[in-house]
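Below: the structure, in structure tokens.
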There are 2 protein chains.
Amino acid sequence: MAKSNAPITEHLAYLLAQANREINRQLELRLSKEGVPVEQWRILKVLSDGDGHSMGELADAVLLNHPTLTKMIDRMVSDTLVYRLQDPNDRRKVLMFISDRGKVLCKKLNSLAVDQEEHILESYGDKSTSELKRLLENLIDSSN
Amino acid sequence: MAKSNAPITEHLAYLLAQANREINRQLELRLSKEGVPVEQWRILKVLSDGDGHSMGELADAVLLNHPTLTKMIDRMVSDTLVYRLQDPNDRRKVLMFISDRGKVLCKKLNSLAVDQEEHILESYGDKSTSELKRLLENLIDSSN
DNA sequence: TTGAAAATATTGAATATTCAACAATTGAAG
DNA sequence: CTTCAATTGTTGAATATTCAATATTTTCAA
């Protein structure tokens, strides 16, 4: 039974927030070399399968609310990293695609992100990392 | 060696963000019963040791930037949940204290938070939870 | 002791996010 | 068929966060 007088540092919600904050900050720092926020990297990465993704689908995948995504996509369209196309099968939907410029940028970003993963592997260990990933996946699955 | 063409769902940074988002959303939902954002619960919890905590110390502990904390504290002072006192030993510092009203609210929030932890324990399992906490603590430690 | 640098907290302007309302399209029941 | 509810995406206003600049106090070297 969890104790209500336990320090906040023992709460799973807090540990997740703290770890996320730290890792995200590191990633942000690397991606800032290309002047790109983490969310834009996620968007490019998801779209880099070349398929069209609807806004709703994309919002889920990149962990953003719909209006926030819409506005971020507006910027990325201005930067010609992605483009919109109406879904011919369901005209309510907008399908997002990555541009050639987006693909080039995505490659650079991927390698910066991989740098970070490797840095984590070094300091945190191979075994711990894969075990942590496994547990996080299970937690996410069990939360639906 | 991490692969740069791996899907985003295999990146530790993404899994952490996703898990954090989900768990935080659940907690947010419970705390909304008292109309309090998660960050305010953290603040109350940290201050509930009765000691005075400087703004910088508090910002670290509750995972907020300084200006964001200042403005949130302004609101909480208006709500008489906490109060400011100048540190007599270092007059640059402001020491934050929890009020009686804050303590009462904090108790209610604690029990809502414990509800959530117990819900996680049920669906995710005792063993996985403590193992995950351990790994997260190690990750945080290894990131400094 | 003095004066420059560091530490601490706050402020205001710029930026980003969220909430609620809206418009357009589709689905589905009668 | 027709109409009404549900789905999808965007917009504008309200709110929150962040960045850079500021004010105050302390520290420390000369």
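The values are calculated or read from the model by the stated rules, or taken from the named source; none is laboratory data. What you are looking at is a predicted structure, and each value in this text was computed from that prediction instead of being measured. Ideal geometry is used to build each Cβ from the backbone, glycine not excepted, and the neighbour counts take in all protein chains shown. For the accessible areas, the whole protein counts, side chains as well, though only heavy atoms, and no ligand, DNA or RNA atoms are used. Shrake-Rupley method; radii C 1.70, N 1.55, O 1.52, S 1.80 Å.
All conditions in (1) surrounded by 17 or more Cβ atoms within 10 Å (Cβ to Cβ); (2) more than 11 Å from DNA strand D (Cβ to nearest atom) hold for A:Lys3, with the sole exception of (1).
Test B:Ile120 against the criterion of being closer than 19 Å to A:Tyr14 by Cα and either of a type outside the set (Ser, Thr, Tyr) or facing chain A (nearest Cβ under 8 Å) (or both), and give yes or no. Taking the combined requirement at face value, the residue satisfies it.
Annotation: of all residues in segment A:86-117 being crowded, with 19+ Cβ neighbours inside 10 Å and assigned to a strand (DSSP E or B), the one that is nearest to the other protein chains (Cβ to nearest Cβ) is A:Ile98.
Is it the case that segment B:24-31 has a residue that's closer than 30 Å to A:Glu122 by Cβ, touching a Ser or Thr at 6+ places or on another chain (Cβ under 9 Å) and open to solvent by less than 70 Å² (accessible area, probe 1.4 Å)? No, because not a single residue in segment B:24-31 is closer than 30 Å to A:Glu122 by Cβ, touching a Ser or Thr at 6+ places or on another chain (Cβ under 9 Å) and open to solvent by less than 70 Å² (accessible area, probe 1.4 Å). The residues of segment B:5-55 that are among the aliphatic types (A, V, I, L, M) and either within 13 Å of the chain's Cα centre (by Cα) or more than 10 Å from every other protein chain (Cβ to nearest Cβ) (or both), listed by number, are B:Ile23, B:Leu27, B:Leu29, B:Leu31, B:Val36, B:Val38, B:Ile43, B:Leu44, B:Val46, B:Leu47, B:Met55. Could you please find all residues in segment A:80-110 being away from DNA strand C (no atom under 12 Å from the Cβ) and free of Cβ contacts under 8 Å to residues at least 12 places away in the same chain? Within segment A:80-110, A:Asp100, A:Val104, A:Lys107 meet the criteria. The residue pairs whose first member lies in segment A:56-68 and is within 12 Å of chain B (Cβ to nearest Cβ) and within 12 Å of DNA strand C (Cβ to nearest atom), whose second member is β-branched (Val, Ile, Thr) and open to solvent by 90 Å² or more (accessible area, probe 1.4 Å), and whose beta carbons are closer than 6 Å, counting only pairs six or more residues apart or on different chains, do not exist in this structure.
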